[in-house]
Amino acid sequence: MMTCIVGFRYHTGSDLNNYEFVYYRIINGIATDYEVLYRVIVHLVHFLHLNFQAVVLIHAIVSFSFIYLTMNNMCSSKMEAAIFITFFYAFMFTTYFTIMRQFMSAAIIAYIFSRDFKSKKEYVELGVLFLLACLSHTGAIVLIPIYLLFKSKIFESNVTRIVALAVALFIGTNSYSLAMIGRLVEYFKRYAYYTLKTNFGSSEGAAVTVIFLSAIYVYLVASAYFCEERYEKAKKVSDAMAITLFVYFITLIVGWFHRAYWYTFIFAAFIPCWFRRRIPKIGKFDIGFLLILFACMYAVYFYLTLENTQPNMFPYQFRINIFE
């Protein structure tokens, strides 16, 4: 359902017209600074005598396929899958709806962090996945050192986890960091103008969410110290929470990668699964239903006010023809 809504949308969403404009530049041989993977998909679509709608559909299919695979790795039951889907749809769907290239990259990154790569063959697959993510949206390159950090043995220490988040917050709010990024950005000209935007991610809604997630994570790390078994039961979700916070903090001032926290914010939709694992039932009533109800109530409120907050989403237009 989500793939169809996103993949068959027509002139809907803030960035779609820009994507279509670049599409025609590429097929007409005009130089563009869009990432390699987007250009490859455009040339493939044109070679198959398809149209721009096929480009949109391909991005939607790939993105939601990786979201599905991530969900399989993170959720331990159908109820948890239902919780994730409702929270993703209520809180994140409209954002990923518009950032087509970054959404595909974010979905690949989410899948990478949800898996355990152990053999040499799997390490090759890991490298290919990271390469695809970076070729879809260049900013994903910031996740490579973060992945190595989170998968290292040193990060198994609870002390290291808290220190790492504190360091990330320091880097993300320090003016010296922006000066260093200003030098590095010379290698990524297309993102240079984002260095002038230092308010990315500083909205009131994002701040409340991050403070809430931070409080939960501190509790998780504390419970890991006092009760290892309880922590292990929710380890993947807690690690996902840590990755989300880490990327948010460390890129808070780094606007040049265009809100880099969206690469890992998909994991925030798995956090309600952690609540259900800790408190599965109230009496005989499954708390999962309450979580789903809450997400649905928020979704109804949000989508009723969407025309005022994001008018470029309206009117929604559907186009199913992918052939020239």
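The values are calculated or read from the model by the stated rules, or taken from the named source; none is laboratory data. These figures come from a predicted structure and were not determined experimentally. Every residue, glycine among them, receives a Cβ derived from its backbone with ideal geometry; neighbour counts consider all protein chains shown. The accessibility values were calculated without ligands, DNA or RNA, using every heavy atom of the protein model including side chains. Shrake-Rupley method; radii C 1.70, N 1.55, O 1.52, S 1.80 Å.
Looking at this structure, is Thr32 surrounded by 18 or more Cβ atoms within 10 Å (Cβ to Cβ) and among the hydroxyl-bearing types (Ser, Thr, Tyr)? Answer is no for this residue.
For (1) free of Cβ contacts under 8 Å to residues at least 60 places away in the same chain; (2) under 30 Å from Tyr301 (Cβ atoms); (3) out of contact with any Lys or Arg (no Cβ under 7 Å at 6 or more places or on another chain), each residue gets a yes or a no:
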residue: His46; (1), (2), (3): yes, no, yes
residue: Leu50; (1), (2), (3): no, no, yes
residue: Val55; (1), (2), (3): yes, no, yes
residue: Ile67; (1), (2), (3): no, yes, yes
residue: Thr70; (1), (2), (3): no, yes, yes
residue: Ala81; (1), (2), (3): yes, yes, yes
residue: Phe97; (1), (2), (3): no, yes, yes
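Whenever a residue of the stretch 117-136 is under 17 Å from Leu69 (Cβ atoms) and assigned by the TED database to the domain that holds Tyr263, it has no partner that is surrounded by 14 or more Cβ atoms within 10 Å (Cβ to Cβ) and of a type in the set (Lys, Arg) lying with C-beta atoms less than 6 angstrom away and at least six residues away or across chains.
Considering only residues that are open to solvent by 40 Å² or more (accessible area, probe 1.4 Å) and under 30 Å from Phe270 (Cα atoms), which ones fall in the stretch 43-76? Matches in the stretch 43-76: Ile58, Ile61, Val62, Ser65, Tyr68, Leu69, Asn72, Asn73, Ser76.
What number of residues within the stretch 134-151 satisfy the criterion of being open to solvent by less than 40 Å² (accessible area, probe 1.4 Å), out of contact with any Cys (no Cβ under 7 Å at 6 or more places or on another chain) and over 20 Å from Met74 (Cα atoms)?
So in the stretch 134-151, the residues open to solvent by less than 40 Å² (accessible area, probe 1.4 Å) come out as 134, 136-140, 142-143, 146-147, 150.
From what's left, out of contact with any Cys (no Cβ under 7 Å at 6 or more places or on another chain): 134, 136-139, 142-143, 146-147, 150.
From the residues that got through so far, the ones that are over 20 Å from Met74 (Cα atoms) too are 134, 136-139, 142.
Qualifying residue count for the region: 6.
Note on the stretch 101-143: residues that are aromatic (Phe, Trp, Tyr) and within 20 Å of Tyr34 (Cβ to Cβ) amount to 2. Among the residues of the stretch 4-26, those identified as open to solvent by 40 Å² or more (accessible area, probe 1.4 Å) and either among the basic types (Lys, Arg) or under 27 Å from Val128 (Cβ atoms) (or both) are Asp15, Arg25. The number of residues in the stretch 48-84 that are more than 19 Å from the chain's Cα centre (by Cα), among the small types (Gly, Ala, Ser) and within 30 Å of Asn17 (Cα to Cα) comes to 1. Residues that are out of contact with any Phe, Trp or Tyr (no Cβ under 7 Å at 6 or more places or on another chain) and surrounded by 18 or more Cβ atoms within 10 Å (Cβ to Cβ) were ranked within the stretch 94-111; the one that is modelled with the lowest pLDDT is Thr98. Just so you know, in the stretch 212-236 the residues that are open to solvent by less than 50 Å² (accessible area, probe 1.4 Å) and modelled with pLDDT of 75 or more include one that is nearest to the chain's Cα centre (by Cα), and it is Leu213.
For the stretch 240-260, filtering for residues that are at pLDDT 70 or above and either over 14 Å from Val218 (Cα atoms) or not in a helix (DSSP H, G or I) (or both) leaves 8. Summed over the stretch 269-320, residues that are out of contact with any helix residue (DSSP H, G or I) (no Cβ under 7 Å at 6 or more places or on another chain) and not in a loop (DSSP other than H, G, I, E, B) total 18. Selection of the stretch 285-302 for residues being open to solvent by less than 60 Å² (accessible area, probe 1.4 Å) and free of Cβ contacts under 8 Å to residues at least 60 places away in the same chain yields only Ile287.
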